[in-house]
Every structure is written in C-alpha cells, then in structure tokens.
Amino acid sequence: MCDADDDGDGIADGVDNCPLIANSDQANADSDSAGDVCDADDDGDGVADGADNCPLMANSDQANADGDSVGDVCDDDDDADGIADGADNCPLMANSDQANADGDSVGDVCDDDDDGDGIADGADNCPLMANSDQANADGDSVGDVCDDDDDGMALRTVLTIAR
C-alpha cells in the first residue's frame with residue numbers, strides 16, 4: 001500500500017516541500033522547491049547553511065565587518081561596540097562612547113570633518129573646533145581658535161626668560 005504522507009506531518013507528499021522530513025509549517029525562507037528542514041541553502045544565496053554566517057538571510061558575499069560569527073545582514077551590531085546599528089552613529093567602526101564633536105549624525109571615528117567647518121580633519125589646523133577660515137596668526141600648525149599661543153609671544157617670552 002502506498003503512503004500519501006511519508007513523513008506523517010499532515011501534508012500530502014505531492015504538495016509537501018519536504019516529503020520525507022516532517023515540517024507541517026512548510027517553512028521555506030528562499031521560496032524554492034525545498035522546505036527549510038531539508039534545504040541545504042535556506043536563503044538561496046549559494047552558500048550552504050553550515051558555512052553561511054546568515055543562513056536565513058541572503059548574503060552571498062558573507063560580509064562580516066566585526067569578524068564575529070554573524071554576517072552583517074543579520075547582525076544588529078556590525079562593529080561589536082555594544083551599540084545597536086540603528087542607534088550607532090558609526091555602525092561599521094567601533095565607538096562605544098558615540099563621541100560626536102560637531103553634533104551631526106556621524107560619529108567622530110568615521111567623520112572626516114569632526115568640527116563641521118567644511119574642512120576635512122586631515123587638512124584642518126584645528127580639527128575639533130570650527131574654523132572655516134583656518135586663521136593662523138603666528139604661522140604655526142595650530143589654528144587661532146584652538147591655539148593658546150596664537151601670536152607667538154608666549155614662546156618668545158619663555159625663550160627670553162630662559163636666556
């Protein structure tokens with residue numbers, strides 16, 4: 001006699017997406033012909049579930065910014081700094097302090113203009129204090145707004161006293 005439901009899950013073999021393994025919910029994350037319980041690649045991304053760092057969400061590139069065991073597409077803290085990506089002002093670079101000198105939406109560790117003055121930090125003579133004019137009265141490498149010796153007099157005074 002022929003059994004119409006070989007796995008006994010209540011779904012007839014002809015319409016069962018896993019006719020030999022019970023799966024009454026018929027879950028099928030990638031909507032292929034095989035149900036999740038008998039599918040070697042549940043998300044259909046070409047990476048077998050056993051090697052997939054996100055077996056239920058397609059991510060064929062297996063991107064994993066923080067190097068943990070969870071791929072970026074299903075990791076809620078990609079930089080492993082303890083701040084969930086949705087609330088993290090720099091979700092791909094660890095910055096648990098969430099420092100943000102210029103108060104924009106980008107944290108200092110991934111902001112190329114920390115003070116928001118329009119001058120990139122690498123070229124800014126005062127990267128944590130806004131000074132778009134880059135004024136530098138004494139010609140040293142420090143901008144006037146953050147230079148406690150912007151006229152050079154303090155250094156000359158110290159050198160004169162030292163003589």
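The values are calculated or read from the model by the stated rules, or taken from the named source; none is laboratory data. Please read all numbers here as calculations on a predicted model, not as lab measurements. We place every Cβ from the backbone using ideal geometry, glycine too, and count neighbours over all the protein chains shown. These accessible areas exclude ligands, DNA and RNA; they are computed on the full protein's heavy atoms, side chains included. Shrake-Rupley method; radii C 1.70, N 1.55, O 1.52, S 1.80 Å.
In the set (1) open to solvent by 60 Å² or more (accessible area, probe 1.4 Å); (2) part of a loop (DSSP other than H, G, I, E, B), the condition left unmet by residue 41 is number (1).
The residue list 20, 56 contains one member that is touching a residue at least 24 places away in the same chain (Cβ under 8 Å) and among the aliphatic types (A, V, I, L, M), which is 56.
Looking for whichever is out of contact with any Cys (no Cβ under 7 Å at 6 or more places or on another chain) and farther than 28 Å from residue 73 by Cα here; the options are 99, 94, 123. Which one fits? Lay out the reasoning, then the answer.
On the way: 99 fails: farther than 28 Å from residue 73 by Cα; 94 fails: farther than 28 Å from residue 73 by Cα.
123 is the lone residue from the list that is out of contact with any Cys (no Cβ under 7 Å at 6 or more places or on another chain) and farther than 28 Å from residue 73 by Cα.
Apart from one condition, residue 124 fits all of (1) more than 26 Å from the chain's Cα centre (by Cα); (2) closer than 30 Å to residue 65 by Cα; (3) surrounded by fewer than 18 Cβ atoms within 10 Å (Cβ to Cβ); the exception is (3). Whether a residue is part of a helix (DSSP H, G or I), farther than 30 Å from residue 121 by Cβ, open to solvent by 60 Å² or more (accessible area, probe 1.4 Å) and free of Cβ contacts under 8 Å to residues at least 24 places away in the same chain was assessed, and residue 15 does not pass this test. The residues of segment 1-45 that are of a type in the set (D, E, K, R), at pLDDT 90 or above and farther than 17 Å from residue 58 by Cα, listed by number, are 5, 6, 7, 9, 13, 16, 25.
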